[in-house]
1. Going by average Cβ density within 10 Å per residue, which order do the peptides 48-60, 26-38 take, highest to lowest?
2. Roughly speaking, what is the stretch gain from Phe28 to Arg4, that is 0.36 nm per residue apart minus the C-alpha to C-alpha distance, in nm to one decimal?
3. How large a share of the accessible area of region 1-51, in percent, is made up of carbon and sulfur atoms when the probe is 1.4 Å and the other protein chains stay in place?
4. Quick one: which residues, 5+ away or cross-chain, put their amide H under 5 Å from the amide H of Phe2? H built at 1.01 Å from N.
5. Just to check I understand the Karplus step: with θ = phi - 60° and J = 6.51 cos²θ - 1.76 cosθ + 1.60, what whole-Hz values come out for region 13-20, glycine and proline as x?
Amino acid sequence: EFTRGALEEIAKIAMARETGVRALRSMFEQVLLNLRYDLPSRGGTESIMIDEDFVQDRLDNPLGDGEHGQKRETA
């Protein structure tokens, strides 16, 4: 699930980049890429909340590394 702040952040970045629909789709894929592979290993997790900070982290650093080179565990 995306928080309102997360969706607003994606929209803000898309507007700043002057992107079209394909680029917007690519941004969502970039945000969700690692989660698609991590969710099955969480066993029983029914949903993940994506917030503004997570979106900023993933779109600034597509590999999902945190500020100190550590992979983030939660969304």
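The values are calculated or read from the model by the stated rules, or taken from the named source; none is laboratory data. None of the values given here were measured: they were computed from a predicted structure. Note that each Cβ is placed from the backbone with ideal geometry, even for glycine, and that neighbours are counted across all protein chains shown. Quick note on the areas: whole protein, heavy atoms, side chains included, nothing else; ligands and nucleic acids left out. Shrake-Rupley method; radii C 1.70, N 1.55, O 1.52, S 1.80 Å.
1. Numbers: 48-60: 17.4, 26-38: 14.4.
Descending mean neighbour count gives 48-60, 26-38.
2. Working: separation 24, 0.36 × 24 = 8.64 nm, distance 1.43 nm.
This chain segment gains 7.2 nm when fully extended.
3. Numbers: 2040 of 3740 Å².
Result for region 1-51: 55 percent of the exposed heavy-atom area is carbon or sulfur.
4. Ile50
5. Karplus values, whole Hz, x for Gly and Pro: 5, 4, 5, 5, 7, 6, 8, x.
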